[in-house]
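Novice: Handing you this structure, nothing more for now.
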Amino acid sequence: MKDTSTVICFPMEPMEQLEEGLISGLLDAQRKAEALFSEIQAQSLIRPGAKESEINQSVYALAGSMYGISRYWHKRIVRAGRNTLAPYDENPPDLTVGEDDIVFLDFGPIFEEWEADFGRTYVVGNDPLKHKLRHDVEEAFGSGKRYFHEHPEITASELYAHAQQLAEQAGWEYGGPIAGHLIGVFPHEKIAGDKVTLYVHPKNHNRMRLPDASGRKRHWIFEIHFVDRARQIGGFYEELLTIG
């Protein structure tokens with residue numbers, strides 16, 4: 001028998017359209033950042049004898065040639081050796097990558113007004129401990145993201161505490177004062193002087209799924225920074241938490 005039923009499609013509400021556009025834009029920005037980082041490896045920009053500043057400039061030029069990027073919403077970070085212990089706000093002296101070293105990159109490019117924030121760790125040489133650290137930050141990111149999605153009422157302080165637990169379980173110390181932050185259309189939501197409520201901060205006891213001031217869903221970046229202060233090495237991994 002022929003089905004004569006009619007399916008009625010209702011147009012999306014303006015808020016739904018905005019959310020769909022936001023998700024699409026953020027995911028596209030992250031895919032481009034991931035492609036950029038893949039090309040960094042393909043061109044062997046991270047190599048012994050290169051200064052952090054030289055790698056930084058090479059990545060800047062590569063991003064320009066690949067995507068025409070000239071703007072970053074936060075400072076571009078390349079850290080090697082003992083500098084991998086330093087959190088974001090510090091500006092340690094320019095180091096040269098050694099023959100047996102660990103390096104991490106943290107870049108926040110803007111793709112057509114959409115922000116990306118992407119961080120990865122690389123090991124130069126065969127040191128098994130450095131390779132373990134690189135592996136552990138990636139595993140911890142995945143574990144922490146699952147934990148976030150399994151706990152709908154989670155607060156930012158609870159996710160930060162979980163990141164600390166993941167570090168301890170893997171035999172490291174958590175190295176950063178935060179474990180993530182908001183992301184969005186450039187410039188994303190900010191409150192002057194606020195270094196707590198818009199971050200995955202140990203003193204931010206707000207639920208992460210609270211909407212923003214306009215009633216829209218917030219989207220977050222999750223970052224993992226594990227360190228071994230005695231051996232002066234650190235590893236970093238960062239990307240979207242709420243989607244992707």
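Taken together, the values in this text are just the output of simple stated rules run on the coordinates, not laboratory data. The shown structure was predicted, so the numbers you read here are calculated from the model rather than taken from an experiment. All Cβ positions, glycine included, derive from the backbone under ideal geometry; neighbour counts span all protein chains shown.
Novice: Between A42 and R229, what is 0.36 nm times their sequence separation minus the Cα-Cα distance? Round to one decimal in nm.
Specialist: Length difference between fully extended and current span is 64.3 nm.
Novice: Would you calculate the separation in nanometres between label points at E34 and Q164, each defined as 7 Å from the Cα along the Cα-to-beta-carbon direction?
Specialist: Computed distance between label sites E34 and Q164 equals 3.1 nm.
Novice: Next up: Can you give the local net charge around D136? Use residues other than it whose beta-carbon is closer than 13 angstrom to its beta-carbon, Lys and Arg +1, Asp and Glu -1.
Specialist: -2
Novice: Let me have the 222 nm mean residue ellipticity of the chain computed from DSSP H runs of 4+ only, each contributing -39500 (n - 2.57), with the sum over all residues rounded to the nearest 500.
Specialist: -11500 deg cm²/dmol
Novice: Using 1/(1 + (r/R0)^6) with R0 = 25 angstrom and r between the beta carbons of A213 and E19, what's the FRET efficiency to the nearest 0.05?
Specialist: The formula returns an efficiency of 0.95 here.
Novice: What are the ³J(HN,Hα) couplings of segment 157-167, residue after residue, when phi is run through the Karplus curve with 6.51, -1.76, 1.60 and θ = phi - 60°? Round to Hz, x for glycine and proline.
Specialist: 5, 5, 5, 4, 4, 5, 4, 4, 4, 4, 5
Novice: Strictly over 20 Å apart at the Cα level, which of K75/K195; K145/K217; K75/K203 would you flag in this model?
Specialist: Where the Cα-Cα span goes over 20 Å, the pairs concerned are K75/K203.
Novice: Could you tell me whether segment 100-191 comes out rounded, prolate or oblate from its Cα gyration tensor? Rule is a ≥ b ≥ c as square roots of the eigenvalues, rounded for a/c under 1.5, then prolate if a/b exceeds b/c, otherwise oblate.
Specialist: oblate
Novice: Please say if segment 14-240 is rounded, prolate or oblate, where rounded means a/c under 1.5 for a ≥ b ≥ c the square roots of the C-alpha gyration tensor eigenvalues, and otherwise the choice is prolate for a/b larger than b/c and oblate otherwise?
Specialist: Oblate is the answer for segment 14-240, as a/c is 1.5 or above yet b/c matches or exceeds a/b.
Novice: While we're here: Whose amide H sits under 5 Å from the amide H of L241, counting only residues 5 or more places off or on another chain, with H placed in the peptide plane?
Specialist: Here the answer is W220, I221, F222, since their amide H atoms fall under 5 Å of that of L241.
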